[in-house]
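K.L.:
So that we are looking at the same thing, I have put the structure below in structure tokens.
The values are calculated or read from the model by the stated rules, or taken from the named source; none is laboratory data. These figures come from a predicted structure and were not determined experimentally. When we count neighbours, we look across all protein chains shown, and the Cβ atoms used for this are built from the backbone with ideal geometry, even at glycine.
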Amino acid sequence: MRLEVDINRVAAELDHYAKKPDYEATKYLELYNERFKYITRLTGQLIEKMTLSAYSVERILDVGNSFQILMRNRVRPDIQINTMGFWDERYRPDGTTKHHDFDLNDAYYQERWLVIGEQNNYDTILIL
């Protein structure tokens, strides 16, 4: 399966992200690497199923900025993947990704909800 080959290749490439910044990032990737691969695989399968049912996936909002955004962006560079949550410079995949800074603890309070506008409609929202 092509998706599996891409996921494993990308996971190996991302190893340098964890070793470069700090000890905490290294441990985080070591602990959750299999989870990130699983989530990326699951996302790829979902996109394939949606595409087969004539539903186009062009834009994804990923809630939570971490290594998984780097993996998904490299496995599926044809899809615009934006993020929401706390910003972390270590996980910025490229110059095209838009980040919506939002404290998810504020989601409980409707008056604090983030309004992102019509231009930011998404085909899929991932909260994993």
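K.L.:
Do you know which of the residues in segment 81-102 that are modelled with pLDDT under 80 and not in a loop (DSSP other than H, G, I, E, B) is surrounded by the most Cβ atoms within 10 Å (Cβ to Cβ)? Even if it seems obvious, please write down each step before you answer.
P.N.:
Taking segment 81-102 first, the residues modelled with pLDDT under 80 are 88-97.
Add one more test, that the residue is not in a loop (DSSP other than H, G, I, E, B), and what stays is 89-91.
Values: E89: 7, R90: 15, Y91: 21.
Restricting to residues being modelled with pLDDT under 80 and not in a loop (DSSP other than H, G, I, E, B), the top hit is Y91.
K.L.:
Return a yes/no flag: does segment 8-22 have any residue that is exposed (fewer than 12 other Cβ atoms within 10 Å of the Cβ) and either modelled with pLDDT of 85 or more or aliphatic (A, V, I, L, M) (or both).
P.N.:
Within segment 8-22 (the criterion being exposed (fewer than 12 other Cβ atoms within 10 Å of the Cβ) and either modelled with pLDDT of 85 or more or aliphatic (A, V, I, L, M) (or both)), the answer is yes, since at least one residue qualifies.
K.L.:
Select from segment 30-56 the residues that are touching a residue at least 24 places away in the same chain (Cβ under 8 Å) and assigned to a loop (DSSP other than H, G, I, E, B) and list them in ascending order.
P.N.:
Within segment 30-56, Y55, S56 meet the criteria.
K.L.:
Select from segment 67-80 the residues that are part of a helix (DSSP H, G or I) and either exposed (fewer than 15 other Cβ atoms within 10 Å of the Cβ) or not basic (K, R) (or both) and write down the one among them that is farthest from the chain's Cα centre (by Cα). I'd like the intermediate steps shown before the answer.
P.N.:
From segment 67-80, those part of a helix (DSSP H, G or I) are 67-75; that's our starting set.
From what's left, either exposed (fewer than 15 other Cβ atoms within 10 Å of the Cβ) or not basic (K, R) (or both): 67-71, 73, 75.
Values: F67: 7, Q68: 5, I69: 3, L70: 6, M71: 7, N73: 7, V75: 11 Å.
Result: V75.
K.L.:
Please enumerate the residues belonging to segment 39-61 that are hydrophobic (A, V, I, L, M, F, W, C), surrounded by 14 or more Cβ atoms within 10 Å (Cβ to Cβ) and within 18 Å of A11 (Cα to Cα).
P.N.:
Answer for segment 39-61, where residues must be hydrophobic (A, V, I, L, M, F, W, C), surrounded by 14 or more Cβ atoms within 10 Å (Cβ to Cβ) and within 18 Å of A11 (Cα to Cα): just I39.
K.L.:
Would you say G64 is in contact (Cβ under 8 Å) with a residue 40 or more places away in the chain, closer than 23 Å to E30 by Cα and surrounded by fewer than 18 Cβ atoms within 10 Å (Cβ to Cβ)?
P.N.:
Values: in contact (Cβ under 8 Å) with a residue 40 or more places away in the chain: yes; closer than 23 Å to E30 by Cα: yes; surrounded by fewer than 18 Cβ atoms within 10 Å (Cβ to Cβ): yes.
So G64 passes the test.
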